[in-house]
Amino acid sequence: MTVLSLGPPPISEPLARTQVDMHKLRAKSTTINDVAQHAGVSYQTVSRVINDHPSVAQETRSRVHRAIRQLDYHPSAVARSLAQKQSTTLGVVSYGIFHAGPAQMLARLESAASERGYDLAHVNVGTLSHTQLEQAIQKLRRQRVQGIIVFAPLLEAGAEPLETLCPDLPMVITDAEPRVGRFVSAVDQFTGGRLAAQHLIGLGHTEFALVSGPLSWYAALIRQQGWLSVLEQHKLTPQATLQADWTARGGYQAVCELLERHTPFSALLMGNDQMALGALWALEQRGLSVPGAVSVVGFDDLPESPYYSPPLTTVRQDFAQLAQQSLDQLVACIETPERAQQLTMLLPSLVVRSSTAPVGRGTRP
């Protein structure tokens with residue numbers, strides 16, 4: 001999995017203070033904030049170093065210790081006690097956790113936060129309305145979270161800027177539209193859609209049916225745009241374009257509709273692997289072999305996808321890596337904001353299995 005990071009380049013280590021500045025600092029009582037400023041980190045990072053927390057990188061730990069020595073900082077017992085009581089909680093606002101991707105992300109976020117020395121407070125919302133998001137964020141604020149990750153896969157979530165709901169807290173939005181001024185961690189869905197369509201065209205297919213997820217979801221819309229961009233590039237027009245609801249039942253019903261219409265297609269692009277499972281069952285019921293009559297490509301690479309009948313060709317997006325990347329991005333916003341990347345984009349990959357084959361091996365619908 002390749003990680004692309006867009007944003008300002010890492011800054012160099014802060015320049016050494018002049019002797020005059022050092023004397024001024026020593027003339028007054030040096031604080032943890034002085035050490036943080038001198039080391040170029042947050043006061044939370046200094047606190048973790050003082051308390052020997054394992055989540056701090058060795059290079060950062062060395063820089064903090066060097067600043068402590070240079071400033072002759074001596075944390076008192078009271079200061080240590082206060083430092084240990086600083087909130088180390090991160091908030092997560094999730095949506096759609098009954099779907100495979102968000103569920104996997106939430107599980108990984110919990111373990112990733114623990115590895116970085118943070119606790120996780122979680123609120124799930126039934127809709128991404130401004131009201132529910134505001135209520136969820138306020139609930140997390142009452143738990144004194146240091147920053148928030150928001151699952152915002154629906155286009156409606158961008159109607160009003162999420163950042164305005166808590167302008168004083170770092171926020172990372174996952175699987176959402178990149179936009180100036182917001183911190184986003186996402187998968188390059190457009191490239192994923194193109195990989196799927198290019199694979200089928202490379203096998204000689206020219207008659208395509210497209211079954212996307214609900215186009216109110218950012219990922220569904222961008223995957224479809226990826227499919228269509230490749231077809232347009234090859235001067236092809238899809239035989240049919242339908243939407244389904246991300247479920248196996250939705251995929252089954254969509255493909256049944258295509259077959260009842262007698263839509264001619266040899267290549268079937270499905271918005272996710274769950275819908276592809278329903279598609280395989282619909283085709284089998286009609287006596288259409290996969291990949292003999294129809295080649296099918298999904299999206300996600302679920303753990304079950306290699307065990308479909310036949311094993312499913314799909315586009316892999318690493319939900320665990322997306323969660324890790326979101327968590328790392330949020331921690332950077334909190335601990336070293338000058339180094340935080342505004343956009344981190346993960347590249348998906350094509351996984352070829354037995355559900356695709358060159359065109360012309362069987363009877364088409």
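In the stretch 95-102, is there at least one residue being in contact with an Asp or Glu (Cβ under 7 Å, 6 or more places away or on another chain), within 23 Å of G213 (Cα to Cα), at pLDDT 80 or above and surrounded by 19 or more Cβ atoms within 10 Å (Cβ to Cβ)? There is at least one residue in the stretch 95-102 that is in contact with an Asp or Glu (Cβ under 7 Å, 6 or more places away or on another chain), within 23 Å of G213 (Cα to Cα), at pLDDT 80 or above and surrounded by 19 or more Cβ atoms within 10 Å (Cβ to Cβ). Filtered by the rule that a residue be crowded, with 22+ Cβ neighbours inside 10 Å and either in contact with an Asp or Glu (Cβ under 6 Å, 6 or more places away or on another chain) or free of Cβ contacts under 8 Å to residues at least 24 places away in the same chain (or both), the stretch 246-292 gives F265, S266, N272, D273.
Within the stretch 254-310, how many residues are closer than 21 Å to L350 by Cα and in a helix (DSSP H, G or I)? I'd like the intermediate steps shown before the answer.
Initial filter on the stretch 254-310 (closer than 21 Å to L350 by Cα): 266-280, 290-292, 294-310.
Now restrict to residues that are in a helix (DSSP H, G or I): 273-280, 305-307.
Residues in the stretch 254-310 being closer than 21 Å to L350 by Cα and in a helix (DSSP H, G or I): 11 in total.
Of all residues in the stretch 198-218, those satisfying the criterion of being part of a helix (DSSP H, G or I) and modelled with pLDDT of 95 or more are Q198, H199, L200, I201, G202.
The values are calculated or read from the model by the stated rules, or taken from the named source; none is laboratory data. As the structure is a computational prediction, the values presented were derived from the model and not from experiment. Glycine gets a Cβ as well: all are built from the backbone with ideal geometry, and neighbour counts include every protein chain shown.
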